[in-house]
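These notes are about the structure you will find just below.
Bear in mind that the values in this text are calculations on the coordinates, not laboratory data. Please read these numbers as outputs of a predicted model, since none were measured by experiment. Ideal geometry is used to build each Cβ from the backbone, glycine not excepted, and the neighbour counts take in all protein chains shown.
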Amino acid sequence: MTRALSHNDFSGTLSPNLYLLPLESLDLGSNRLDGLVPEEILRIVYPTELSGNQFKCPLPLCIGGNPHVRCTPPCCGTRVA
């Protein structure tokens, strides 16, 4: 199952259980999602688009190590102190 939920003005945070969804792909790009990106994002095994949101920086290092997750600038909007 593919879910294209981009450009819907969704707000809120990502669930650490996102990887449990039985999906083929997930597009959450260009919404107003914020907060910290959970480390569990590394477990995602389907193509996932997170670009164009307002996540807190820095993003987890695991995003760079997971070829399924795309989060290109601007992906995060505020820096965690």
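Structure above, values below:
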| item | result |
| --- | --- |
| Neighbourhood net charge (10 Å Cβ-Cβ; Lys/Arg +1, Asp/Glu -1) for R70 | -2 |
| Long-range amide H partners of G35 with built H, under 5 Å | K56 |
| Proxy reagent accessibility, fewest Cβ within 10 Å first, across L59, L50 | L59, L50 |
| Extension gain, D9 back to V45 (0.36 nm per residue minus Cα-Cα distance, nm) | 10.4 nm |
| Local electrostatic count at H7 - Lys and Arg +1, Asp and Glu -1, tallied over other residues with Cβ under 15 Å | -1 |
| For region 23-35, Karplus couplings with θ = phi - 60° (6.51, -1.76, 1.60), whole Hz, Gly/Pro x | 10, 9, 6, 9, 10, 10, x, 6, 10, 10, 5, 9, x |
